[in-house]
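Input: a single structure, listed below in structure tokens.
Just so it is clear, none of the values below were taken in a lab; they were calculated from the coordinates. The shown structure was predicted, so the numbers you read here are calculated from the model rather than taken from an experiment. Cβ placement follows ideal geometry from the backbone for every residue including glycine, while neighbour counts extend to all protein chains displayed.
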Amino acid sequence: MKLIPLRLQMTVSFLLPCLSILVISCSSRGVVSTEAPVRVGFEEGLRAYEHGDYAVALKQFRPLAENGDADAQFHLGGMYFNGQGVPQSYNEALKWFRNSAEQGHARAQNNLGGMYNEGHGVPQDDEEATRWYRKAAEQGLGYAQYNLGFKYGRGEGVPRDYVLAHMWFSLAAKNGIQTAIKLRDAAAAFLTPAQIEDALRLAKEWKASKSQ
């Protein structure tokens with residue numbers, strides 16, 4: 001996708017495909033794992049999903065999700081979003097993403113924000129999208145920081161603020177979201193040198209606060 005100035009178009013949602021989320025989740029679940037006996041079958045489900053065996057993945061994830069496991073709820077939501085092993089359903093995806101997000105799962109929070117952003121399974125709502133993006137961004141999820149930067153750049157769900165857009169794009173870039181670099185620089189075009197310094201300071205202070 002060609003990137004153009006913030007004031008003209010900022011429409012990317014970055015509701016991530018389930019496969020990308022699952023690959024990320026292999027190394028970091030996004031929430032503190034529950035006790036091992038409750039999670040029996042989760043790793044088997046994850047391996048099955050990665051090999052395209054959605055029937056086995058569903059068999060393992062569903063009982064865990066119904067028992068309140070946030071990781072399983074997150075993955076089950078992704079399967080419903082993409083129609084993998086189940087009929088495609090935004091309503092079911094929304095339900096499972098919400099259950100997971102309300103337990104603090106950062107990737108589920110980001111995806112729930114994306115559902116509100118796009119109006120999938122729920123009326124489109126910029127304020128709700130921004131609220132959930134922020135929850136995930138505050139946990140350090142780069143994709144959510146990128147999304148929150150978009151919201152500030154367009155003034156959707158929050159007052160337009162290029163300083164904060166620059167800040168969140170900077171943080172997203174530090175988290176490996178390469179496209180955030182161009183958008184950070186695009187935001188800088190609307191700022192004075194002093195405002196850019198403010199944005200960089202805010203990003204630095206945010207990182208410092210999370211390392212304490």
Next item on the list: Show which aspartates and glutamates lie in cross-link reach of residue 174 when reach means a straight Cα distance below 18 angstrom and same-chain residues fewer than eight apart are skipped.
Entry: 138, 185, 197, 198, 205
Margin query: Show me the ranking of peptides 101-113, 79-91 by mean Cβ neighbours inside 10 Å, starting with the highest.
Written below: 101-113, 79-91
Check: FRET efficiency for residue 66 and residue 175, Cβ-Cβ distance as r, R0 = 30 Å, nearest 0.05?
Finding: 0.40
